[in-house]
Amino acid sequence: MACSPADVMWTRQDRASAEKRYRRAPSIDELLYGPGDPELATDLVSLGLLLKDMGQNAAASGSLNRAVAIYEKAFGTNSPQVRQLRETIGSRGR
């Protein structure tokens, strides 16, 4: 799995810089691939998990719920992608 500069920044606890990059990625992917593409959902998951880690739960929920909706439409509601995301969201909430 590729590691983005935002991933490295988050790992190094530079959440503000990571957030800037994670916020930019969905806009780029939405222009490139469209609003329902799983690549966009992947970016929204990264952003959502970072925001959740930062305690910005309302903003995180919006990104994560949008990602779930994209994955459900692309792969189906019982797909491995949707199940894994729901498990990740649940485990991060504890």
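Derivation of every value follows stated rules applied to the coordinates shown; laboratory data play no part. Worth saying up front: this structure is predicted, and the values here are computed from it rather than measured. Cβ coordinates were reconstructed from backbone atoms using ideal geometry, including for glycine residues, and neighbour counts include every protein chain displayed.
Structural remarks
- Which label in (i) 18, 18, 13; (ii) 20, 16, 11; (iii) 29, 14, 14 gives the computed semi-axes √(5λ) of the Cα gyration tensor in Å: (ii)
- Summing charges over all other residues whose Cβ lies under 15 Å from the Cβ of residue 76, with Lys and Arg as +1 and Asp and Glu as -1, gives +2.
- Total formal charge among the other residues, if their Cβ is under 15 angstrom from that of residue 4, Lys/Arg +1 and Asp/Glu -1: 0
- Multiplying the residue separation of residue 33 and residue 65 by 0.36 nm and removing their Cα-Cα distance gives an extension gain of 9.6 nm.
- When the chain is described by a simple charge dipole with +1 on each Lys and Arg Cβ and -1 on each Asp and Glu Cβ, the residue from 62, 34, 80 located farthest towards its positive end is 62.
- Computed over the chain, the per-residue total of -39500 (n - 2.57) for DSSP H runs of n ≥ 4 gives a 222 nm mean residue ellipticity of -25500 deg cm²/dmol, rounded to 500.
- Electrostatic tally near residue 40: other residues with Cβ closer than 9 Å to its Cβ, Lys and Arg +1, Asp and Glu -1, net -4.
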